[in-house]
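The values are calculated or read from the model by the stated rules, or taken from the named source; none is laboratory data. What you see is a predicted model, and the numbers here were worked out from it, not measured in a lab. So basically every Cβ, Gly included, is an ideal-geometry build from the backbone, and we count neighbours across all protein chains shown. The protein model used for the area step is the full one, side chains on, heavy atoms only, and it has no ligands, DNA or RNA in it. Shrake-Rupley method; radii C 1.70, N 1.55, O 1.52, S 1.80 Å.
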Amino acid sequence: MADLDVSLPYAATCAVCKTKVIENNPKNFRVTGSLHFDYCDRPKTKDPTLSAVERSVHCDPLTLDAIKPLMDEAIKSNNFPAIWQLKSRYGLTLSAAQLKEVLWQALPPSPGRLSDTVCANNKIQLALELITNDDASKTIVSDFLHEVLKKERYVNYILVNRLVESKIPNKTALKEAFDYLVSEGRFDDAKAMKDQYEFSLNFSQLKEQLQKTYDDEMSQTVQSILSLYNKDDGACQFTLCYILKTVATQPQDVSPKLLDQSSRRFFVNYMGFISTLLSHGVMNQTAVDAAMSKAVSTISREGLEWAGELKARHQATIDPAKLKEAIVKAIDQNKRSLLELILPFFSSEQDTKAANIMILEKLASKSNQYFQDVYRFAKEACQEQLASSRCWSQKAVDTLIKRAIDNDDIHWAIELNNDYRAYLDIETLASKILKEVDSVKAKRICNTACLDNLRGSLSLAKPDDPALPDTIQTITAQIINMELFPLKQAVVEMLVDFQGSL
């Protein structure tokens, strides 16, 4: 006791060896949770409580009557290093009355200041280590915990956990501590109390915490919350279904950013929240179907893959009209690679075929600008769609054959005609015939091979088009009135023969 004057006021105390340290020295800080505590430079292990024999041999020759005033003075002056040394050397502990005095004095005058809160936590920790293991002392700790929980400005989860760990018998105070830890989001600490004291969330707490977790975009903590309720509680089970349905079916105008992929965290939170509830066995078909619809509407690989999981694991379904909307958006946003993820969501072969035709028609109608002004890219995209789906419409292939002619791709035009019975509209056909005649005329040669493209163009005409005979007759008359050029007669004869075949 020589270097510990019990009359000295409280000084920061090492939480390990219980000796004084320099307060607020960065070298003496160790982090616990979100707060730090003072430690000495070389903390020793705790001084063991000496046995009766050891005390008689090693302790200072002081009587109990001489020691008690020292303890009283140390408590009065708030000198924790001295209190601990008295316990270590003489086996003294705090009586219930002394414990009450120490605990209530430990509460900080300015709880808003971090340094005051840390100091109070240190004092209370030391006081709990000096407790006498009797019912009266445990009752004091219970009362103190109850009092602390009533005063929001004093309470923090580190302090609450320390008081709970002192094995207090008051179930009411412990339940208040459990509720506090839940309200602060300390779900792991609350789970430890649930396992030890069989506390659990009621349906109101469960609803509040799940809704708060979703609103705060903390879906990763849902699993921890789900470990805190009683699985046999019917009200809680109903609440889980209600929360699942409420979150899954929320209107778009309530959360407009949910489907905004530039802020994907909103959808990630939505997806994580619902997936966790579903994995926990919570089920509502309306909720699952709504979640799939929103997932598809993201037009993202992440969302579509999740939609596939919902369909496979939970039999989610979606309105085909929603899928068609997604297809249009995927094409318009130049995300054609996602189409292969959307098509399997159609429930019937007929709907799938219609969707493939719609894709082809949409691609066929896109301008070259959509394909970076490269005709080859447009052609390849449409060829791939035709080859993979083997589905087409007359409208689609007629649009493609016109595109081929407009880009002087007579070979693909003939292929489309042969494989899919695609035909040119009458205006495009007339323009193409005259263009080929002008080409033959400009070459000024007599080689009939020059007429191959003209012959190919005539094969693209729709035989039963009522306007075709008059159109060919008009074109023939125009050519007859042209100035003489090599192969003119051959061209006229070809057109006359073609008209005669109609």
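Remarks
- Breaking point among (1) buried (at least 22 other Cβ atoms within 10 Å of the Cβ); (2) hydrophobic (A, V, I, L, M, F, W, C); (3) within 15 Å of residue 286 (Cβ to Cβ), for residue 241: (1)
- Residue tally, condition farther than 20 Å from residue 263 by Cα, of a type in the set (Gly, Ala, Ser) and crowded, with 17+ Cβ neighbours inside 10 Å, over segment 300-338: 2
- Subset of segment 456-476 [surrounded by fewer than 17 Cβ atoms within 10 Å (Cβ to Cβ) and farther than 21 Å from residue 403 by Cβ]: 463, 464, 466, 467, 469, 470, 473, 474
- Within segment 139-182, the residues that satisfy the criterion of being among the polar types (S, T, N, Q) and either at pLDDT 85 or above or closer than 23 Å to residue 205 by Cα (or both) are 139, 142, 156, 161, 170, 172.
- Filter pass, residue 296 being part of a helix (DSSP H, G or I), among the β-branched types (Val, Ile, Thr), open to solvent by less than 40 Å² (accessible area, probe 1.4 Å) and more than 22 Å from residue 242 (Cβ to Cβ): yes
- One residue alone among 127, 120, 97 is hydrophobic (A, V, I, L, M, F, W, C), open to solvent by less than 50 Å² (accessible area, probe 1.4 Å) and at pLDDT 80 or above, and that residue is 127.
- Given (1) within 16 Å of residue 294 (Cα to Cα); (2) part of a helix (DSSP H, G or I); (3) open to solvent by 50 Å² or more (accessible area, probe 1.4 Å), number of the condition residue 341 does not satisfy: (3)
- Top-ranked residue in segment 130-170 [being of a type in the set (Ser, Thr, Tyr) and within 20 Å of residue 196 (Cα to Cα); ranked as most open to solvent (accessible area, probe 1.4 Å)]: 139
- Residue check for residue 426: of a type in the set (A, V, I, L, M), under 30 Å from residue 354 (Cβ atoms) and under 50 Å from the mean Cα position of the chain (by Cα): no
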